[in-house]
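Before any comments, here is the structure.
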Amino acid sequence: MSRGAFTREGLAAGKGPGVRLTGRVAVSVLLAGALAAQTRPAPPIPKYEVRRAASPISIDGKVDEKAWSAAEAVQLAFPWESQTGARQKTLARLLWDDENLYVSYECEDADVTAQFTGRDDPTYRDDAVEIFINPRPQQQTTAYIGLEMNARGVLYDYLSVAVTPKSRLVFKRFNLDGVKVAASVNGTLNNREDTDRGWSLEVSIPWANFEEFSKRPSPGASWSFNLNRWDGVEPDRRMSIWSDSMTERPNPHVPDRFGEMLFVQ
Ligand SMILES: [Ca+2]
Ligand SMILES: [Ca+2]
Ligand SMILES: [Ca+2]
């Protein structure tokens, strides 16, 4: 297979360790050990300034529009030493305009793999990139919207709501309206015998999806979010992340550790 672009419109994503699906909701129970005290020092909560897109972005999985060159690129880190997967670089960028929030990922990857093809499939078991968005950081019991997207551009989207300090409900039947996701593979998807170069992904999310949380952002508005990536095939998997969640085992679902999303002109 050669380089291909996969587009899904109206797709959604879920979560990794400690997730149990029960009927209408997925109950995410954070394992006690996952929140155990860490010996590594906690990095400061990072801040990302989301700039306005100065020109149109085509959601085709290729991060080559002129607008992207003005966005700050963040590189995901590898906090979990116990994992055995390759440490492959990821750059992520965000932009906004009057219609959408835009997110892009560029993933170096010598072996691009993704099996799931249906919306709300467990794409986090594939090569996948994720973003969790909390448009109302001042809320007491944190709810956020998750998007987990594999190298085919298949989306698992959900609403995650805290029910106790250590457990969350994951509503995967929540589907973002008008979301567009596309991935582009530079290599051969699911051919494990050759060496790939990587894959990239773009997503656009219309603002109306956040209206129960927050009015549309204007310059100076501050939301919170985190970015992460699952890479590799079991047993050699690895998670990388923007703001270290400070869990003992890989677990990005810690909204107290989300970074700041500051909207600027
Ligand atoms: Ca593009
Ligand atoms: Ca991979
Ligand atoms: Ca969904």
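The values are calculated or read from the model by the stated rules, or taken from the named source; none is laboratory data. These figures come from a predicted structure and were not determined experimentally. Don't worry about glycine lacking a Cβ; one is built from the backbone with ideal geometry, like all the others, and counts go over all protein chains shown. Please note that ligands, DNA and RNA were not included when accessible areas were found on the heavy atoms of the full protein model with its side chains. Shrake-Rupley method; radii C 1.70, N 1.55, O 1.52, S 1.80 Å.
Assess whether Glu260 counts as being free of Cβ contacts under 8 Å to residues at least 12 places away in the same chain, surrounded by fewer than 21 Cβ atoms within 10 Å (Cβ to Cβ) and out of contact with any helix residue (DSSP H, G or I) (no Cβ under 7 Å at 6 or more places or on another chain). I'd like the intermediate steps shown before the answer.
Values: free of Cβ contacts under 8 Å to residues at least 12 places away in the same chain: no; surrounded by fewer than 21 Cβ atoms within 10 Å (Cβ to Cβ): yes; out of contact with any helix residue (DSSP H, G or I) (no Cβ under 7 Å at 6 or more places or on another chain): yes.
Spelling it out, it is not the case that Glu260 is free of Cβ contacts under 8 Å to residues at least 12 places away in the same chain, surrounded by fewer than 21 Cβ atoms within 10 Å (Cβ to Cβ) and out of contact with any helix residue (DSSP H, G or I) (no Cβ under 7 Å at 6 or more places or on another chain).
Taking Ala114, is it assigned to a loop (DSSP other than H, G, I, E, B), modelled with pLDDT of 95 or more, within 15 Å of ligand 2 (Cβ to nearest atom) and small (Gly, Ala, Ser)?
Working: assigned to a loop (DSSP other than H, G, I, E, B): yes; modelled with pLDDT of 95 or more: yes; within 15 Å of ligand 2 (Cβ to nearest atom): yes; small (Gly, Ala, Ser): yes.
For Ala114, the condition - assigned to a loop (DSSP other than H, G, I, E, B), modelled with pLDDT of 95 or more, within 15 Å of ligand 2 (Cβ to nearest atom) and small (Gly, Ala, Ser) - is met.
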- Message: All but one of (1) over 20 Å from Ser240 (Cα atoms); (2) open to solvent by 10 Å² or more (accessible area, probe 1.4 Å) hold for Leu95; state the number of the condition that does not hold.
- Response: (2)
- Query: Condition test on Glu72, is it under 30 Å from Arg216 (Cα atoms), out of contact with any Gly (no Cβ under 8 Å at 6 or more places or on another chain) and in contact (Cβ under 8 Å) with a residue 12 or more places away in the chain?
  - Reply: yes
- May I ask you to list pairs of residues, at least six apart or on different chains, whose Cβ atoms are under 6 Å apart, with the first in segment 165-180 being more than 16 Å from ligand 1 (Cβ to nearest atom) and the second being modelled with pLDDT under 95 and open to solvent by 50 Å² or more (accessible area, probe 1.4 Å)? Ser167/Val29; Leu169/Val163
- Of everything in segment 165-180 that's more than 14 Å from ligand 3 (Cβ to nearest atom) and either among the aliphatic types (A, V, I, L, M) or over 15 Å from the mean Cα position of the chain (by Cα) (or both), which residue is most open to solvent (accessible area, probe 1.4 Å)? Pro165
- Since Ala183 meets every condition but one in (1) more than 19 Å from Trp223 (Cβ to Cβ); (2) among the hydrophobic types (A, V, I, L, M, F, W, C); (3) within 16 Å of ligand 3 (Cβ to nearest atom), which condition does it not meet? (3)
- Task: For segment 98-144, name all the residues that are closer than 15 Å to Ala182 by Cβ, within 16 Å of ligand 1 (Cβ to nearest atom) and open to solvent by 10 Å² or more (accessible area, probe 1.4 Å).
- Result: Asn100, Tyr102, Glu106
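For every residue, the table says whether it meets (1) crowded, with 18+ Cβ neighbours inside 10 Å; (2) more than 16 Å from ligand 2 (Cβ to nearest atom).
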position: Gly146; (1), (2): yes, yes
position: Val163; (1), (2): no, yes
position: Ala182; (1), (2): yes, yes
position: Leu189; (1), (2): yes, no
position: Asp196; (1), (2): yes, no
position: Trp199; (1), (2): yes, no
position: Ser204; (1), (2): yes, yes
position: Ala208; (1), (2): no, yes
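Here's the yes/no breakdown for (1) within 16 Å of ligand 1 (Cβ to nearest atom); (2) within 19 Å of the chain's Cα centre (by Cα); (3) among the small types (Gly, Ala, Ser):
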residue: Trp199; (1), (2), (3): yes, yes, no
residue: Lys215; (1), (2), (3): no, no, no
residue: Arg229; (1), (2), (3): no, yes, no
residue: His253; (1), (2), (3): no, yes, no
- Query: Where residues in segment 46-97 are within 14 Å of ligand 1 (Cβ to nearest atom), part of a loop (DSSP other than H, G, I, E, B) and hydrophobic (A, V, I, L, M, F, W, C), which of them is nearest to Met149 (Cα to Cα)?
  - Reply: Ile59
